[in-house]
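Working notes, beginning with the structure itself.
The values are calculated or read from the model by the stated rules, or taken from the named source; none is laboratory data. No experiment lies behind these values; they were computed from the predicted model shown. Here the Cβ positions follow ideal geometry from the backbone for every residue, glycine too, while neighbour counts run over all protein chains shown.
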Amino acid sequence: MKYSNFKLLFVVFALLAFSCSTTKKASKSKKSDAAAMSKASGKKPGKDDIQPYAKVITKDAKTDEGLFAVHNLDDKYFYEIPDSLFEREMLMVTRISKTAAGLGFGGGKLSEQVLRWQKKDKKVLLRMVSHQVVAADSLPVHEAVVNSNFEPVIATFPIKAFGKDSTSTVIDVTDLFSKDVKPLGFPQRRRQQYRITRLDPQLSYIESLKSYPTNIESRTVKTYAAGQPPSNSNTGAISLEINNSMILLPKVPMQRRIFDQRVGWFTSGTTDYGLPDQKSKTITYLDRWRLEVKDEDIEKFKRGELVVPKKQIVYYIDRATPEQWRPYIKQGIEDWQVAFEAAGFKEAIIAKDPPTPEEDPEWSPEDARYSVVRYLASPIPNANGPHVSDPRSGEILESDINWYHNVMTLLRNWFFVQTAAINPDARGVAFKDEVMGRLIRFVSAHEVGHTLGLPHNMGSSVAYPVEKLRDPEFTKKYGTAPSIMDYARFNYVAQPGDEGVALMPNIGPYDKYAINWGYRPILEAKTAADEKKTLDSWILEKAGDPMYRFGRQQRGVIDPSSQTEDLGDDAVLASEYGIKNLKRILPNLMEWTAEDGKNYDDLETMYGQVLGQFNRYMGHVASNIGGVYEYYKTYDQEGAVYTHVDADHQKKAMQFIQDQLFTTPEWMLDNDIFNKFESAGHIERVRSIQTRTLNNMMDFGRMQRLLENESINGDEAYGLYDMMKDLRKGLFSELRNGQKIDIYRRNLQRAYIERMEYIMKNEQPEIPAQFRRFFSGTSVNVSQSDIRAVVRAELKTLRSQLRNARGADDMSRIHIADAYERVDDILDPNN
């Protein structure tokens, strides 16, 4: 009996021991992967099978810990992906790091997409996620949205091993970056432009692959065989360095804020099929930083006290930035603090120097936790402020402002040509550090505005009456425009005697208003829809006040009150003041650019700047002819969104162009300047400026708007026939009084005849699909409109005038006869 009981107990203990052993083995899950499977099968794992970790990631591997551990071994790169990060969404931003001439610029974004790493059987999939079409997962329509929004697989990777602790998966990603994976490389439209056929693997390689806590940065040199490279054409190839930045998106997206076109903003958007509207609807929301009130400060915020946000917006200044410019770039960043104070926050945005390599050897500007003003040793005269945002919510995750060294050249040229007539500090080609520093601060603030979500507001500068721009008291208080986001560069209106007047814009009334509208927390609102009533009320409080108006940037100007580089509410008056200043600058160009032992390159550059500024004035004024104002409104606001420019103002604009440009601008013809840098060229230079403006005035879209204006407003309108008649009378005024026609006028008259011929024979050019979103325009079927009828009538009148004209000298007579033949050939080509 005792023996039997003992035997029974032995069996029970044996069963328990087996059970515990089995449970322990099952809990090890992946540790029983390759080795266990091979042991069970009695064979060693093959090279394509899952291997033991130590066999794949050997002691010779160089490992960079971060979002994923990145291992580099024998020119191969491995990702070790934590299981917790499978199915998490990540944003991949592809940019050009380094490039050849004609291929864009360093920092330029090529593409942006959301990715998801997914484990399936013995492989890892990399899928592209779209947030363009959505519906709440609680709704029946969500299933249909998922079925029509299948996530494409852009790459697959055999699992090489499981991690030491069985909570990660190792894959070889070398081919992902060394081969031609199109979503991560040069975009298709650019490939077509340069006739790229393939990636050359022998001339392409991985430069680096680095891991940081929330992102992984890869740099690869890609060389593509190209039939039409923009530079270095004898190579038959394009080489560039591409940076792929993969950033982990927040697990819980920030609450959106819905966009309103009455306040300018960079945006993201989705098409939502789950709304109660009886159609699919695009929801557009702001790109903005996540600024939140700390829990302990909520009552203070409600009382109107300024509070420091939970997480500040911090910009670091690149270590490569020259020492003398750092304080000014920092000031430009922190100038925005006054705007955030309007939104209820203090110290919301701050600038810092980065830690030294000794203080933090791991600090890097490529780390997505840091936003950096990157100083680039580049001849590009520019700066730009891109940002990276979560497409699900619009939350800005980080931003790197690209600051090109030669932006100082651009600033010098602008400041010289726009203010030297009244400003001794601008007279020269090398400014004092404090002068250049102030200009750098201005550009820094402008670019930071972009990274906060604000686009250009080209409708801002027209808010101020032109004469107020000559008032020191007014401009010191308000600057030269209500928004630093306008392209209102420097005060070209101010005249000698207006000393003390402000020369540039600051963070202005519109900027404070826009930041408040976009960033002030609405604590009582639980959803984005709940905020709408409050946001609308803030807009309506400022409606009708030009200081708070937003005007979009245009490519092909329709609205003359929303232009680049202009100042004041009257383009004619502002440009008259500007030309007076150019006439003061030109005679002093030699003196203000002189330096012993130097050639005349700077003289040539600054003369070109004078002509370029003059050309801008012509564009500002000409855009009023056939112009239509655009003032965004909603149903609860009275008045039209689109209104035509007043007829009298259009006539005044026409007269200005005739007087200032089409009448030969002799003040700019200074042979003492020309003979210092060219053997010939001034005649062609004047012809080019005149022709550009002339063709702009006889643009198909502008002509159609003149016709539509007349159809709506009748005799009160400045119609197409009125414009064309005034244009012909001004251009050919010599025919009526027998005056000599100088060489500049002869060229201009021939340009007019050629443009008329173009209109008679051509339709409106079609804008390529990929550029349509960048261009404004008015479409017209030319052959079926009144345009050619009016042009034909004008050509007949001109032919009659040429037939009866008598030239004052030989060249005038030769020109008249030639012009007659040209017009006759257009009207009667078979004669």
Item checked: Check on SER800, in a helix (DSSP H, G or I), farther than 25 Å from TYR820 by Cβ and more than 34 Å from the chain's Cα centre (by Cα) -> no
Next item on the list: Would you check which residues across region 644-682 are closer than 30 Å to PHE550 by Cβ and surrounded by 13 or more Cβ atoms within 10 Å (Cβ to Cβ) and list them?
Entry: HIS644, VAL645, ASP646, ALA647, HIS649, GLN650, LYS651, LYS652, ALA653, MET654, PHE656, ILE657
Notebook entry, point to check: What number of residues within region 604-614 satisfy the criterion of being surrounded by 20 or more Cβ atoms within 10 Å (Cβ to Cβ) and more than 17 Å from GLU565 (Cβ to Cβ)?
Noted result: 2
Item checked: Selection within region 358-380 - of a type outside the set (A, V, I, L, M, F, W, C), free of Cβ contacts under 8 Å to residues at least 60 places away in the same chain, touching a His at 6+ places or on another chain (Cβ under 9 Å) and assigned to a loop (DSSP other than H, G, I, E, B) -> PRO379
Margin query: Among the residues in region 570-586, are any over 29 Å from the mean Cα position of the chain (by Cα), surrounded by fewer than 22 Cβ atoms within 10 Å (Cβ to Cβ) and closer than 30 Å to GLU299 by Cα?
Written below: no
Check: With region 238-348 as the region, which strands (runs of 3 or more DSSP E) entirely inside it contain at least 1 residues that are among the aromatic types (Phe, Trp, Tyr) and in contact (Cβ under 8 Å) with a residue 12 or more places away in the chain?
Finding: 281-286, 313-317
Margin query: Among the residues in region 654-666, are any of a type in the set (Val, Ile, Thr), over 30 Å from TYR721 (Cβ atoms) and out of contact with any strand residue (DSSP E or B) (no Cβ under 6 Å at 6 or more places or on another chain)?
Written below: no
Next item on the list: Collect the residues in region 252-309 that are surrounded by fewer than 19 Cβ atoms within 10 Å (Cβ to Cβ), out of contact with any strand residue (DSSP E or B) (no Cβ under 8 Å at 6 or more places or on another chain), modelled with pLDDT of 95 or more and among the hydrophobic types (A, V, I, L, M, F, W, C), keeping them in residue-number order.
Entry: ILE298
Notebook entry, point to check: Say we look at region 450-471 and pick out the residues that are assigned to a loop (DSSP other than H, G, I, E, B) and among the polar types (S, T, N, Q); which of these is surrounded by the most Cβ atoms within 10 Å (Cβ to Cβ)?
Noted result: SER460
Notebook entry, point to check: Residue check, PHE474 against (1) surrounded by fewer than 20 Cβ atoms within 10 Å (Cβ to Cβ); (2) part of a loop (DSSP other than H, G, I, E, B), all met but one. Which one?
Noted result: (2)
Next item on the list: Determine which member of the set SER393, SER389 is of a type in the set (S, T, N, Q), in contact with a Pro (Cβ under 7 Å, 6 or more places away or on another chain) and buried (at least 21 other Cβ atoms within 10 Å of the Cβ).
Entry: SER393
Note to self: Quick check on THR156: is it surrounded by 14 or more Cβ atoms within 10 Å (Cβ to Cβ) and either part of a strand (DSSP E or B) or touching a helix residue (DSSP H, G or I) at 6+ places or on another chain (Cβ under 6 Å) (or both)?
What the structure shows: no
Notebook entry, point to check: How many residues are assigned to a loop (DSSP other than H, G, I, E, B), under 29 Å from TYR642 (Cα atoms) and free of Cβ contacts under 8 Å to residues at least 12 places away in the same chain when one looks only at region 700-738?
Noted result: 0
Next item on the list: Output the residue which, of all residues in region 159-173 that are part of a strand (DSSP E or B) and charged (D, E, K, R), is surrounded by the fewest Cβ atoms within 10 Å (Cβ to Cβ).
Entry: ASP172
Item checked: Residue ID - farthest from VAL610 (Cα to Cα), chosen from residues in region 399-425 that are touching a strand residue (DSSP E or B) at 6+ places or on another chain (Cβ under 9 Å) and in a helix (DSSP H, G or I) -> VAL407
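Is it the case, given these coordinates, that GLU398 is under 17 Å from ILE317 (Cβ atoms) and either buried (at least 20 other Cβ atoms within 10 Å of the Cβ) or out of contact with any Asp or Glu (no Cβ under 6 Å at 6 or more places or on another chain) (or both)?
Yes, satisfied.
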Checklist line | Out of PRO482, PRO521, sole residue that is part of a loop (DSSP other than H, G, I, E, B), over 26 Å from LYS580 (Cα atoms) and at pLDDT 95 or above | finding: PRO521
Check: Which condition number in (1) hydroxyl-bearing (Ser, Thr, Tyr); (2) under 30 Å from SER575 (Cα atoms); (3) touching a residue at least 60 places away in the same chain (Cβ under 8 Å) is the one that THR409 fails?
Finding: (3)
Margin query: Given the condition under 20 Å from PRO52 (Cα atoms) and without any contact (Cβ under 8 Å) to a residue 60 or more places away in the chain, answer yes or no: does some residue in region 170-183 qualify?
Written below: no
Checklist line | Exclusive hit being among the hydroxyl-bearing types (Ser, Thr, Tyr) and touching a Pro at 6+ places or on another chain (Cβ under 6 Å), set SER245, SER268, SER239 | finding: SER268
Check: Hey, among ASP596, ASP569, which residue is part of a loop (DSSP other than H, G, I, E, B) and touching a residue at least 60 places away in the same chain (Cβ under 8 Å)?
Finding: ASP569
Next item on the list: Go through region 181-229 and tell me which strands (runs of 3 or more DSSP E), entirely inside it, have 2 or more residues that are out of contact with any Phe, Trp or Tyr (no Cβ under 9 Å at 6 or more places or on another chain) and closer than 23 Å to GLU398 by Cβ.
Entry: 205-211, 215-226
Note to self: For region 775-797, give me each residue that is in contact (Cβ under 8 Å) with a residue 24 or more places away in the chain, of a type outside the set (Asp, Glu) and part of a loop (DSSP other than H, G, I, E, B).
What the structure shows: PHE775, SER776, GLY777, THR778, SER779, VAL780, SER785
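Looking at region 523-544 only, could you name the residues that are touching a helix residue (DSSP H, G or I) at 6+ places or on another chain (Cβ under 8 Å) and free of Cβ contacts under 8 Å to residues at least 12 places away in the same chain?
Matches in region 523-544: GLU524, ALA525.
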Item checked: Single residue of ILE814, ILE741, ILE759 found to be modelled with pLDDT of 95 or more, assigned to a loop (DSSP other than H, G, I, E, B) and β-branched (Val, Ile, Thr) -> ILE741
Notebook entry, point to check: Of the residues that sit in region 802-831 and are of a type in the set (S, T, N, Q) and surrounded by fewer than 18 Cβ atoms within 10 Å (Cβ to Cβ), which one is farthest from GLN764 (Cα to Cα)?
Noted result: ASN804
